[in-house]
Amino acid sequence: MILRPSSWMLPLFAALVLGSVIPRSLAAAESSSAEEVVASNRGKDELPFSQLPEPLIEKTPRNESAENRLQLTTLLTKARLQDHRGDVAGALETYQRAYRLSPGSATILQEIVRLGFLLQRNEIASRYAILLAENQMTMTADALQRVAQYCLEDGQTERAIQLYERALALLKKEGAHTQALGIHFRLLSTYQSHGEPKMAARHANEVAKMIGEPDKFELDGVVEQFTSGGLRSTFEKLGDVYLEADQPDKAAKMFAKAEEIDPSPEVHLIHLAKVLAARKDWAGAQGKLDQYLDADHRVSGQEPYALLLKVRQQMADSPEAARKEVIDRLRKLHDASPDFAPLAYFLTSLYAQQEDWDNVIAVAAPLIEEETDADALNNLCQAYIAKSDWPALVSLLATSLDGNYNLDTINEPLDKLIADQKKWDQLAAYLKSLTPAERSLNERIGIARLYQLASQGQTAWSWAESAFPDLDNQEEARLLMQFGLQAFRDQQEEVAEQAFRTAIKLGLPKSQTSLFYFYLATTLEMQGKTSDALRTAKRAALLDEESALLRSRIPWTLYHAGRTEEAVKEYQTLLEKFSDDFANQQTRQVIRDAKRLLSAIAGQRDDLPQATEWLEQVLDEFPDDTGAMNDLGYLWIDHEKNLGRGFAMIQKAVAKEPDNYAYLDSLGWAYYRLGQYEQAVSTLEHAAKLAESKDGTVLDHLGDAYLALGQKEKALASWKQASDVLQDDDDAEILSQVESKLKTHT
């Protein structure tokens, strides 16, 4: 979840849920008699009846649908009573539970949003506000825009697009042209970045029409806000969008408008060349590029050179011939202006394609220190490795370090180097001859990170240690954090432990030191040092007693060590302390993870009510949590309860993550429980394929489905695979069940 202030949404949703957008009453869901009961007992004792009637005994058991309706009515009545009596938090939780019995109910969603903001649980209210916007067709354009913006900031692009489109339709009906123009711009950019050029072009049409005829759309004041350069950039953007959508004629008009507003003849040449290339007029495009290059223009970065290559590839006898022609022409330009990095680095990429490593080095090396470029660094790295130029490679390591002391820009060629034993042995011999004191600071760090990539943790640590004296505390802490985390990911826990212990001794502020204790506790537990890990986790928690994240490491350590009873108690303590802290979103994520794990533990104990309750609580707060949906649906299906709701939840999870084999396994098992064996086999076979036949549970389920279809041999083969996998996974309970099936059916 993106951390951001939700205060901008408060006025909107206060008006949204308290105003006349949706009737607040839940009369449609509750009987008038329930209203009378509430009214007549207002202010009286909590239990209004002195005697309760005898329970009715039904003649025909209710089916799942009838049971759900009854439960929904009960929950809605309870929620209204809680709200009436001032138990706002209780009412919110009850409405959240009711919502899953009536998905899409705008009336219930309105109450959740209202109460959520009333309790200042803004993120929860915002999540349900998205659902409300999707299910309430009378929401205002302004409200839709704000919810769409929230979705966009939260990375929910498709949802944002749908809401913006609805808002746009409303604004057009209202004649709100200024706001409509803004949304057209937003949608244009969003579709473009989302890889949908045709849709982007549709909105480009509207933008072009509106800013081209500002009088007609009452936009004079708006268009005047653009500077001449700014309006030129707008038309250029529209032109590029049309080119991406393969609409060169429209692009030409936009580029002409841009040139008319603020002339830039050299840039216009490139625009014309792009349009001609899109029309497949290769000779015409070549002519415009010739004009640009002959005038030695330098205003468009590498784009003209890339376009030249594209054009020559269409006109030359072969791709190789085209590349040679472009290299010959660009080399002359480069020799005349060797310091122009865009040209040099494009030329370098062409040399690299034909493995002309001498020219890669000659062209790029003189510029790389002053003007770093990811592709150029990558090409130079390949060149130095191919030439076995180890001194130059060490220097390049220093240049390639990013702000977190990582070598991400050249990881790919370095990985290939490490995999080439002969080359790596040569480099290792050279590195062994170096003395750390004689190397620059960044060279020492670069060598340390290289050894980490090669999984030589202790050697990497030695080089890293040599760098520490030349770093201030904060930079040393930054390096130690990155170094320790990488060592941990590489399962080099002893090296990670060294890094975290060193950081702890730096005397950093408590907020930083506590985090190093947190990671150290994790590292110690992964080494089986549970007692030390617990002490370390407790020390981290003591340094910041208001951090749920730090406190959560204590129960996690116990759980990982197999001390489940103690872990459950500690998780309960964690929940007691932090469950009511809705202001800190990191805390909410910790609470969610704790409840998910407690559900898993309850499931292992066959405590279905508790296992489902924890997952229900997760979904109360995070209604779109696909993992919780899948887990709850699977629990219900596996125990043959709430089959309809469980199946619907699993389907929703699969729809959101169609390649998640665990979700597909749940869906396949649901089909099996519902007696739809052919769909079960098809779905479980797909799940097994995605899992590369390495998940014992999937294979076990597939065996059951095969047997249900009378395919005994396939069932036995699947169970045999499951048995092999489960023995490696040391999963005794499921393994015992699988072996029993093999024995029974063999």
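Observations, loosely collected:
- Checking D328 against (1) more than 27 Å from L401 (Cα to Cα); (2) acidic (D, E); (3) at pLDDT below 95, the condition it does not meet: (3)
- Residue within the range 203-224 that is assigned to a helix (DSSP H, G or I) and closer than 26 Å to T138 by Cα present: yes
- From D425, D408, D373, D402, residue being free of Cβ contacts under 8 Å to residues at least 12 places away in the same chain and over 25 Å from A496 (Cα atoms): D425
- Qualifying residue in the range 185-196 (condition: among the aliphatic types (A, V, I, L, M) and farther than 29 Å from D581 by Cα): yes
- Residue in the range 179-200 that is over 30 Å from V311 (Cβ atoms), in contact (Cβ under 8 Å) with a residue 40 or more places away in the chain and within 38 Å of the chain's Cα centre (by Cα) present: yes
- One residue stands out among those in the range 557-607 that are of a type in the set (A, V, I, L, M, F, W, C) and in contact with a Phe, Trp or Tyr (Cβ under 8 Å, 6 or more places away or on another chain): the one that is nearest to G116 (Cα to Cα), which is I591.
- Qualifying residue in the range 717-727 (condition: outside any helix (DSSP H, G or I) and free of Cβ contacts under 8 Å to residues at least 60 places away in the same chain): no
- Contact map, the range 690-711: first residue modelled with pLDDT of 95 or more, second residue among the polar types (S, T, N, Q) and surrounded by fewer than 18 Cβ atoms within 10 Å (Cβ to Cβ), Cβ cut-off under 7 Å, separation 6 or more or different chains; pairs are L699/S693.
- When the range 605-618 is limited to residues that are crowded, with 21+ Cβ neighbours inside 10 Å and among the hydrophobic types (A, V, I, L, M, F, W, C), the one that is nearest to the chain's Cα centre (by Cα) turns out to be V618.
- When K253, K274, K198, K280 are screened for being crowded, with 19+ Cβ neighbours inside 10 Å, of a type in the set (K, R), at pLDDT 95 or above and in contact with a helix residue (DSSP H, G or I) (Cβ under 9 Å, 6 or more places away or on another chain), only K274 passes.
- Each residue in the range 74-93 was checked for being farther than 26 Å from M137 by Cβ and either touching a residue at least 40 places away in the same chain (Cβ under 8 Å) or of a type in the set (V, I, T) (or both), and 6 pass.
- Residues of the range 419-470 satisfying the condition of being under 34 Å from the mean Cα position of the chain (by Cα) and among the hydrophobic types (A, V, I, L, M, F, W, C): A419, I445, I447, A448, L450, L453, A454, A460, W461, A464
- So A437, is it surrounded by 18 or more Cβ atoms within 10 Å (Cβ to Cβ) and either without any contact (Cβ under 8 Å) to a residue 60 or more places away in the chain or outside any helix (DSSP H, G or I) (or both): no
- Within the range 396-405, the set of residues being surrounded by fewer than 17 Cβ atoms within 10 Å (Cβ to Cβ) and under 18 Å from A460 (Cβ atoms) comprises D402, N404.
- Any helices (runs of 4 or more DSSP H) falling wholly within the range 245-358 and containing at least 1 residues that are farther than 30 Å from E213 by Cα and more than 38 Å from the chain's Cα centre (by Cα): 282-294, 303-315, 319-336
- Every condition in (1) outside any helix (DSSP H, G or I); (2) surrounded by 22 or more Cβ atoms within 10 Å (Cβ to Cβ) holds for E692 except the one numbered (2).
- Positions within the range 513-528 being surrounded by fewer than 24 Cβ atoms within 10 Å (Cβ to Cβ) and polar (S, T, N, Q), in sequence order: T513, S514, T522, Q527
- Looking across the range 491-505, just one residue is surrounded by fewer than 16 Cβ atoms within 10 Å (Cβ to Cβ) and either aliphatic (A, V, I, L, M) or within 27 Å of the chain's Cα centre (by Cα) (or both), and that is Q491.
- Listed by first and then second residue, the pairs with beta-carbon distance under 7 Å, at least 6 apart or on different chains, first residue in the range 252-273 and at negative phi, second of a type in the set (V, I, T), are A252/V275; F255/V275; E266/V299; V267/V299.
- Hits in the range 149-167 (condition: among the acidic types (D, E) and either surrounded by 24 or more Cβ atoms within 10 Å (Cβ to Cβ) or assigned to a helix (DSSP H, G or I) (or both)): E153, E158, E165
- Of all residues assigned to the range 675-688, at least one qualifies as being more than 33 Å from the chain's Cα centre (by Cα), part of a loop (DSSP other than H, G, I, E, B) and not aliphatic (A, V, I, L, M).
- The listed residues are T502, T557, T536, T522, and the only one of them that is over 26 Å from L597 (Cβ atoms), part of a helix (DSSP H, G or I), of a type in the set (V, I, T) and touching a residue at least 12 places away in the same chain (Cβ under 8 Å) turns out to be T502.
- Residue check for A583: hydrophobic (A, V, I, L, M, F, W, C) and loosely packed, with under 15 Cβ neighbours inside 10 Å: yes
The values are calculated or read from the model by the stated rules, or taken from the named source; none is laboratory data. Every value quoted in this text rests on a predicted model; they were computed, and no experiment measured them. Positions of Cβ are generated from backbone atoms using ideal geometry, with glycine treated the same way; all protein chains shown enter the neighbour counts.
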